[in-house]
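Scroll down for the structure; my scribbles are underneath it.
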Amino acid sequence: MNSASPAQLPDDAVEVGRVLDAWGVKGWFKLTPHSASPEALFSARTWYLQPSERGVPRFAGPLVLQIDQVKPHADVIVATAPEVPDRTAAEQLKGARIYVSRAEFPPPEEGEYYWVDLMGLTVVNREGVSLGEVADLMAAGPQTTLVVHQTVDDKLQEHLIPFVDAYVDGVDLPGKRITVDWQPDY
């Protein structure tokens, strides 16, 4: 790689995709996003790459790339950066995990949230009873489902709560809280 410099991941780094392989002969590389709506990849101009955790690392990481162009191509995304001047350099990125600073994400629309912002929030019902914390989210057909974990008497309890207006009364990101119409015994 030309002038890709070693870097440290920012404190708010979020993994947003993975490099699949080189694309063409001029240093472009193709990648797959982790999200069906990869706005962060298109808006951020600084990407941090970590080597693949499998196989022999092809570069010492993390690396920082200043992205020149990024665009959709068929069912993948392709990108180029001045630090990746040719196909040989692009091939060294194969399998790399792509991170972007959360601060570079475009602002979500009113009433929309990035999954990463919901992780770890406390979930309480209308009566103020804590149901636990958001441990994960699942895409379940046309809706997203909150996976809420709580330990009660040394036993893990899990609630699967559809993230739709019928059950979610409100999301308070600064207060780190989601209020739902849900009972502990559901």
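Seen from L118, the other residues with C-beta closer than 14 Å to its C-beta sum to a net charge of -2, counting Lys and Arg as +1 and Asp and Glu as -1.
Specify which labelled value, from [x] 1.04; [y] 0.95; [z] 1.07, agrees with Rg/Rh (Cα atoms, Kirkwood Rh) derived from the coordinates of the model shown. After the calculation, the listed value that fits is [z].
Using +1 at the C-beta of Lys and Arg and -1 at the C-beta of Asp and Glu, which of V124, H149, T80 has the Cα lying farthest in the positive direction of the dipole of region 22-149? Positive-most Cα among the choices belongs to T80.
With a/c under 1.5 counting as rounded, go ahead and sort region 141-182 into rounded, prolate or oblate using the C-alpha gyration tensor (a ≥ b ≥ c being the square roots of the eigenvalues; past the cut-off, prolate if a/b is larger than b/c, else oblate). Oblate is the answer for region 141-182, as a/c is 1.5 or above yet b/c matches or exceeds a/b. Using 1/(1 + (r/R0)^6) with R0 = 22 angstrom and r between the beta carbons of D165 and S43, what's the FRET efficiency to the nearest 0.05? E between D165 and S43, to the nearest 0.05, is 0.20.
Quick one: how many lysine pairs in the chain have C-alpha atoms under 27 angstrom apart, if they're 8 or more apart or on different chains? For the chain, the number of qualifying lysine pairs is 6.
Bear in mind these aren't lab numbers, they're just calculated from the coordinates by the rules spelled out. None of the values given here were measured: they were computed from a predicted structure. Counting neighbours? That spans all protein chains shown, and the Cβs are built from the backbone with ideal geometry, glycine included.
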